[in-house]
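Inspection log for the structure reproduced underneath, given as structure tokens.
The values are calculated or read from the model by the stated rules, or taken from the named source; none is laboratory data. Worth saying up front: this structure is predicted, and the values here are computed from it rather than measured. Here the Cβ positions follow ideal geometry from the backbone for every residue, glycine too, while neighbour counts run over all protein chains shown. The accessibility values were calculated without ligands, DNA or RNA, using every heavy atom of the protein model including side chains. Shrake-Rupley method; radii C 1.70, N 1.55, O 1.52, S 1.80 Å.
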Amino acid sequence: MILWGLAGHIDHGKTSIVRALTGIDTDRLPEEKKRGMTTDLGFAWMELGKGEKIGLLDVPGHEQYVSHVVEGLYGCDAALLVVAADDGWMPQTEEHFQIIRLLDIKHVLVALNKSDTVNPEVLAEKTEDIRKRLAIFGYDAIQIIPVSGKTGEGISDLAKAIKEVSLAVAERPDIGNPRLSCDRVFSVHGSGLIVTGTVQHGMFKVGEEINIWPGMKTGRIRKIECFGESCSGAGPGSRAGINITGIDSAEIHRGSLITRRDPPESDTVDIMVRMIPGEDLRKGDVRIYFETLSVLGRIVPLDDKATNEEGIPAQLILKDKVSAYIGERCILRDTSRHATIGGGVVLHHCASRIRKTDRKTVAERLRKMLPLDPRRVIMEETAVRGSLLVKDLPWTVFSDEMMCDEIHSLVKERVLVKSGEKVFMAGVIEDAEKQIKTYLKDTEKNVPIATLRSALQLDDEIFDDVLSAMISRKEIESDEKGVRRIGVTDDLTPEKAEVARKIIKLLRESSGPVLLADILSKISGSRDTVYYLRNHGKIIELTDTFFVEENRFKDMKRFVTQTIQTKGQLSIQDLASEFSLSRRPAVAVLTKFDQLFITQRRDNVRVAGKAFCVEKKD
């Protein structure tokens, strides 16, 4: 099915044109009939031929209902822009056209309605004005067809043009990952819960189990209707009404997402922005539209020198989570002026917040992702994540089959390396070997494998593969006590044992972490013993070559976790004050907790990380 979205200023006759084309009145609500004004989405259809149909999605023209315009136009293959010949191009005409452009809808027709109300000179003048406005944005080849929804004049020409354009629209691919963003949710007596929306990326079938986001509730499809008739399934581009069982009406709403598998969710999304001419990125809140869902958030530009022509790399910090996918289009609206200011394409759907010092680097990476294709997505996701699990690929506009084929090609080309079910960037193996050798070269003793794994923070599969390979090549040795360089034993001589006692005494008596250089200057010949104690967990190595005694480290960990549990966050000053530390060692301690995922940095404070667990006193 080819889906057309209608757009245009209020009272320019979108609904009357749909009625003239199809015989269907899309104003279904009593309020709409009473006021003579469309306030919600309406749907009709016409025959394309050979059993195919064309869907027509009518949207409101009033500026109060622009959110419904975005919801309706999202997912459309083509757009019919309705302009009244007596009024010409109006404010909502402009805004609706910009939304069409920002959603990258390339197939567009213009219906110059009410052409029977003006003389030929005015009609020619309005036609030329519209043509010039469209040409600015590269839509110079669009047909402008004079019509009258009231008399029927020109409607047959418009219907013919719609069918010709529809035949030129490429069929939407079925990538096997169907989703429907709900634009209506209601109940019907005797049937139960009904949702409507445009199916994307795959086919839903009667009887199959589905997931509802947010909340990840599970339901089942009882019935599907397309064009007012029951059908066994609804594929990409279909306007569908789906009857769902097993879900309470309170658990689903406009903006909810129906999927076959659990979708990702995040409150941080990286996008490439393009602003409407005359608009700029604002510091205050904006409303961002993803399909039929809208959320408040702020835009963080990543490169102040980026131009609108090339695209502005930016990060969206959202007040609620969304379930976006790579390649999805979004619309940005100013909340104070109630105006559309720009749009974007999603490049990272589950992003990490970016520090100011890293913004330009990330901006350059985002630029390299465009134009989007499976190879660029795989390369970027692998680099950002460190690895990519083949069984859990990112949600994109591409099929998993296409992504897997590209992974196979990249592995064959030695751009990526595969280990188990994961792929890594080429060079990861060599880097892992280098890290293991560097860690072991500073010690004359065994290093427990668990200690080495925790210290290096490598991916488990890479760590295991590299370690096994190095042992088999006899580059290192291993036994039940751990791993070591060739020829290393695991016993401290009496002299080294005395040095170890002095090191631990020094660290226990210090107010905080001690630099390696200070240890070496105070205890001669202690370097090997420092690393022996580190490898056996007696002392902890922090960043900037600081070391701290294990029990003092446990005390700090206990304070950090209990403070975050109580206050929700912890600052550098909180830790420094509690343990009488200067800023540098305090930062080293917190950075270590970040590396262990006990904490994570958010702006200038620490919050709970993935491995957060409140420490209790022994």
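With a Cα cut-off of under 27 Å and a minimum spacing of 8 residues unless on different chains, the lysine pairs in the stretch 314-441 number 21. Working from label points 7 Å from Cα in the Cα-to-Cβ sense, the residue 409 to residue 370 distance is 2.2 nm.
With the highest mean first, a sort of the peptides 352-358, 196-202, 421-427 on other beta-carbon atoms found within 10 angstrom per residue produces 196-202, 421-427, 352-358.
Taking all protein chains together and a probe of 1.4 Å, list 415, 188 from the most accessible to the least accessible.
188, 415
How large, in percent, is the carbon and sulfur part of the accessible surface of the chain at a probe radius of 1.4 Å? Reported share for carbon and sulfur atoms: 48 percent. On the beta carbon distance between residue 308 and residue 573, with R0 = 56 Å, the FRET formula returns roughly 0.85. Stretched out straight at 0.36 nm per residue, the stretch from residue 389 to residue 426 would grow longer than its current Cα-Cα span by 11.8 nm. Oblate is the label for the stretch 344-442, because a/c, from the alpha-carbon gyration tensor with a ≥ b ≥ c as root eigenvalues, is 1.5 or above and a/b does not exceed b/c.
Between residue 140 and residue 249, 0.36 nm times their residue separation minus their Cα-Cα distance comes to what?
Values: separation 109, 0.36 × 109 = 39.24 nm, distance 4.63 nm.
Full-extension gain reported as 34.6 nm.
Here the gap between residue 106 and residue 25, fully extended at 0.36 nm per residue and compared with their Cα-Cα distance, gives a gain of 26.5 nm.
Would the stretch 232-364 count as rounded, prolate or oblate if I go by the C-alpha gyration tensor, calling it rounded below 1.5 in a/c and otherwise prolate when a/b exceeds b/c, oblate otherwise? Working shown, then result.
Details: a/c = 2.10, a/b = 1.86, b/c = 1.13.
It comes out prolate by the Cα gyration axes.
Pull out a ≥ b ≥ c, the square roots of the eigenvalues of the alpha-carbon gyration tensor of the stretch 458-508, then state rounded if a/c is under 1.5, prolate if not and a/b is larger than b/c, and oblate in the remaining case. Here the stretch 458-508 falls in the oblate category.
Remark: the chain carries 46 Å² of accessible area per residue (probe radius 1.4 Å; ligands, DNA and RNA excluded). With a Förster radius of 22 Å applied to the beta-carbon distance between residue 515 and residue 454, the computed FRET efficiency rounds to 0.50. Computed from the C-beta positions of residue 418 and residue 471 and an R0 of 22 Å, the FRET efficiency is 0.60 to the nearest 0.05.
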